[in-house]
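> Below are the structure tokens for one structure; questions will follow.
Please treat every number below as a calculation from the coordinates, not as lab data. Please read these numbers as outputs of a predicted model, since none were measured by experiment. Cβ coordinates were reconstructed from backbone atoms using ideal geometry, including for glycine residues, and neighbour counts include every protein chain displayed.
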């Protein structure tokens, strides 16, 4: 059994080698031979996973789609350093403007003859405006490209921060067990009693609306899955002989977790995190759509759908179709990549159960 | 372990979870920055005496645990206080809308089960053929499609282009009028699509697993007709995991209804929640969050008990 900790004190029937469990000795000991073994192991695993991923055409197509959308978001409009930053204020960081029009410009139609008297501002798609214009006469394609900045940044930031919360908590809960495990997992169980959107809405009800409030709400909901998955994985990984061996050699808990357990337990967490980017973007758009996300002025995809909610019923299909299509394509691409990552790490499996 | 003992054990785990949910819901209001009475008086300027009087009336001077116990005792009796926006009892407001959400949710659930299980069986039985490929693509699309966008597209196609569905819900109609039932179909479809895709894939994979087992070969070797092999033996065993996941779909459907009710202006709980969050109507928000949390806990409990009932190995 490898559940006991190093520093738990001498136990009956166990030989305790004095002098090799202190932090100082252990560090020297580690650097002497461990890194070569560890780096080879880690590189091998990722290398083979990448080789399998590369053969999966659907997953590659998904990755290419995400890459394309990210580039669109970055190069849609020039990026300037915001005015609040002292020295660099107003500096141009990214000068390219791919978007055909300014997303906030309501006068892109000036000088052009409206196609019908019925649609003065909201033009159907044409060569002039590929995806048409919205109720205020703004170019929808440009708004979608610019809006990708909101959606994608929320997705990536919320997932990364949630990983930094969920992974340590899950690792601690799984490795140490006992009291700590109980506390962490009961909190996770408790928050899991609320559906994803409802918990996010509750957080927003407390904090109010806004970009960082939205990100925070999605982090609160997001870390649960990582903590729960990683804990379960660690419970089985820590029973391996190499973990007992590392402990017997006097490695500290931290180095046992970080070097020996985590590399062998992270695969399902990485799969979940990849899929979560889609879930989070979808949730952010849903919250934007119901009016609890970003402000109506932003061009976030869900918000764009919200302001055009009546358009669909009135037959102005382009105003609601394209922003929603962007969400759909992004989530689809993320799911393809996520499935590809899962198959790459676990080539035999049929695909495990998905957490929301 | 007998089933009864298993259920009892599972119930015992549920009780602290339920208490935790009530505590979290209660604590929610205390995380809001600012003075709670501002939300009762809607930020009107008041002299200190009146403020003190309001504090006393709402029990805001009591120690926090007394406030919690009072709130819990009231909630247990079905009294969630008065709505700040409408000055109506919260319970009444919720009771008016609950049947609509229940109807829409159960319709979504039925749609999901009725399409997912046959489709999953077909995909598993015709594994690695065109049928399977089509179902795989359909599931990928169904999981990725945002339910609110699907709702908008359904409105566009069926209400605007084909003009076979009304755009707005019938007003003044009772729950069981035919207009209301017809109107509920589209939102139920928008919510149910995600669950359908998920359950279909699950049905397929669990059936593929069963089809490979020795008892199937054995049943076929005995000369049983294929209908009996699949219908009586394989189907029963592969339904076990599907049934439990179906129970968990309750949370998924609640999430979906919150958003889809906005699309269709549906007079249910989801729209109530969203509207009241915008108005900072915390008694209503608290009550809804609590009800949803308790509903999900019981759905999970039901899923575990069903699983243990269907598959006795789980109990040990």
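> From the gyration tensor of the Cα coordinates in the protein assembly as shown, what semi-axes in whole Å does the equivalent ellipsoid have, largest first, with each one equal to sqrt(5λ)?
Numbers: eigenvalues 339, 221, 206 Å².
Over the Cα atoms of the protein assembly as shown, the semi-axes work out to 41, 33, 32 Å.
> Counting only C-alpha contacts under 8 Å and six or more residues apart, can you give the relative contact order of segment B:94-315 as a whole percent?
27
> Per residue of B:251-264, count partner chain C-beta atoms within 10 Å of its C-beta, then hand back the mean as an integer. Can you show the working numbers first?
Working: counts 8, 4, 1, 5, 11, 3, 2, 10, 10, 2, 1, 6, 5, 0.
That average works out to 5.
> With a ≥ b ≥ c the root eigenvalues of the C-alpha gyration tensor of segment B:113-257, is it rounded (a/c under 1.5), prolate (a/b larger than b/c) or oblate?
Prolate, since a/c reaches 1.5 and a/b exceeds b/c.
> From the P(r) of chain B, can you give the percent of Cα pairs sitting at distances over 33 Å?
Here the long-distance tail beyond 33 Å is 42 percent of all Cα pairs in chain B.
> Between segment A:124-169 and segment B:244-282, what is the C-alpha centre distance in whole Å?
24
> Now, a different point. Would you mind telling me which residue in B:122, B:76, B:246 has the biggest mean-square fluctuation in a Gaussian network model of chain B, where springs connect alpha carbons within a distance under 10 angstrom?
Result for chain B, Cα springs under 10 Å: B:76 fluctuates most.
> In nanometres, what is the gap between the two model label sites at residue B:98 and residue B:221, each 7 Å from Cα along Cα-to-Cβ?
So the label points at residue B:98 and residue B:221 sit 5.6 nm apart.
> Further question on the same structure: Helix-derived [θ] at 222 nm for chain B: sum -39500 (n - 2.57) over DSSP H runs of at least 4, divide by residue count, nearest 500? List each step's numbers first, then the result.
Working: 12 runs with 226 residues, N = 316.
So the helix-based figure for chain B works out to -24500 deg cm²/dmol.
> For residue A:96 and residue A:130, what is the calculated FRET efficiency with R₀ set at 22 Å and r taken between the beta-carbons, to the nearest 0.05? Working shown, then result.
Details: r = 19 Å, r/R0 = 0.85.
The pair residue A:96/residue A:130 has a calculated efficiency of 0.70.
> List B:126, B:233, B:30 from most exposed to least, where exposure is judged by having the fewest other Cβ atoms within 10 Å. Show your work: numbers first, answer last.
Numbers: B:126 14, B:233 19, B:30 11.
Fewest-to-most Cβ neighbours within 10 Å comes out as B:30, B:126, B:233.
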